[in-house]
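What follows draws every value from the coordinates through simple rules; no lab data is involved. What you see is a predicted model, and the numbers here were worked out from it, not measured in a lab. Note that we place each Cβ from the backbone using ideal geometry, even for glycine, and neighbour counts take in every protein chain shown.
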Amino acid sequence: SYTTDTKSREENKKTLESLYSLSVDITKIRRLKEWVLLQDVAYVKEIAGILQEMGADETTVASIIERCPEAILHTPAEISSQRALWQLVCQNEKQLIKLIEQFPESFFTTEHQQNQKANILFFQELGLKNNIITRFLTSAPNIFYNPVEKNKNMIETLQRNYLNLGGSEANMKIWILKLLSQNPFILLNTSTAIQENLEFLQKNDFTDQEVLQLLSKLKGFIFQLNSTTMQKTMLFSKNVFKCSDQELKQLVLKCPALLYYSVPVLEERLEGLLKEGISTAQIRETPMVLELTTQIIQYRIKKLSALGYDIKSGNLESLNGTKKDFEVTYGKIQSKKERPIFNPVAPLHIED
């Protein structure tokens with residue numbers, strides 16, 4: 001709805017003056033979205049006023065406008081509606097202004113206000129806590145632009161599949177809420193895609209219980225895959241690890257990333273491990289190391305080597321896990337190395 005032809009237009013002097021008065025760095029806007037300064041109508045003072053009403057100081061207002069210049073093109077009425085909308089899930093205006101400062105673009109997308117409101121109310125009814133919904137609003141705003149019926153259909157599809165795979169009615173709500181909070185983007189998929197992926201796993205001899213296990217382990221990412229890519233990664237793993245279909249299935253259950261990552265990613269990570277002198281047999285024993293990037297693996301091997309720990313002769317468990325997990329493992333190996341070996345039966349040399 002805004003023109004982006006910058007050649008024949010001049011910057012709006014009134015807009016520039018208003019921005020100067022708010023100490024906004026106009027060079028940043030020129031570099032980022034100069035077209036905003038060319039519009040005939042802008043609501044600089046009004047939008048700044050609303051933000052100040054919510055508790056934003058001058059520096060915060062300037063920072064928000066510099067990062068999301070199109071904020072000044074929205075009418076005060078649109079922004080007041082958006083403010084009321086986000087207040088449905090924010091504890092107070094202090095939290096709201098903090099969110100706007102961190103994620104201005106999510107807040108200043110006002111085109112889908114009816115859908116946003118309907119979806120916020122739907123998620124609240126579903127049992128999602130407000131802090132999770134605010135996280136969605138800022139990190140996955142697209143799911144609120146869907147008509148609420150689409151999101152409802154997706155949730156119903158997930159619930160139906162959960163029960164069909166043997167999940168219990170009692171645990172279903174907890175499962176759905178956990179899945180959504182881990183990966184809200186599953187709502188951007190289609191019911192057909194979900195159905196096809198589940199059928200693919202069942203055709204590959206995964207039992208209903210195992211499919212449920214994979215869904216929980218993959219945090220819903222399985223719904224963003226398709227049968228073609230899963231087929232390719234499974235074939236790649238089967239060839240690399242020289243294993244039977246049954247053994248491959250066990251590897252995938254141990255490390256669902258073998259389904260999720262593309263063949264080029266797995267190839268690169270495998271190559272990185274082999275270059276470090278690690279054998280395919282070791283990787284097959286602990287496939288979870290493929291969830292880590294080559295840089296992380298190199299860093300961890302270097303740290304362990306400095307302690308005299310030889311990764312080539314041991315198992316790879318010590319490389320595994322999150323940053324926190326690794327630090328705990330590293331700490332244990334370090335303290336073991338530093339602890340003097342005490343032999344209880346050795347004679348004590350005590351000077352007279």
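Couple of notes before you dig in:
- Listed values for segment 258-274 are Karplus-derived 3J(HN,Hα) couplings in whole Hz (6.51 cos²θ - 1.76 cosθ + 1.60, θ = phi - 60°), namely 5, 8, 7, 7, 6, 4, x, 5, 4, 4, 5, 5, 5, 4, x, 5, 5, and x replaces Gly and Pro.
- Counted by Cβ distance under 12 Å from THR138, the other residues give a net charge of 0, where Lys and Arg count +1 and Asp and Glu count -1.
- Label corresponding to semi-axes √(5λ) of the Cα gyration tensor in Å when calculated from the structure given, among (1) 35, 21, 19; (2) 32, 28, 22; (3) 49, 31, 22: (3)
- Gaussian network model of the chain, springs between alpha carbon atoms under 10 Å - residue of ALA77, ALA56, ALA48 with greatest fluctuation: ALA77
- Most mobile of ILE100, ILE26, ILE79 in a GNM of the chain (Cα contacts under 10 Å): ILE26
- Exposed GluC sites (Glu not before Pro) absent: longest stretch of the chain, with sites in DSSP loops and at most 13 other Cβ within 10 Å deemed exposed: 112-350
- Residues in segment 68-82 carry Karplus couplings, in order, of 9, x, 5, 3, 6, 8, 7, 6, x, 5, 4, 6, 5, 5, 5 Hz; the curve used is 6.51 cos²θ - 1.76 cosθ + 1.60 with θ = phi - 60°, and Gly or Pro positions show x.
- Phi to ³J(HN,Hα) by Karplus 6.51 cos²θ - 1.76 cosθ + 1.60 over segment 158-168, Hz, x for Gly, Pro: 4, 5, 4, 5, 4, 5, 4, 7, x, x, 8
- Computed [θ] at 222 nm, helices only, for the chain once each DSSP H run of length n ≥ 4 contributes -39500 (n - 2.57): -18500 deg cm²/dmol
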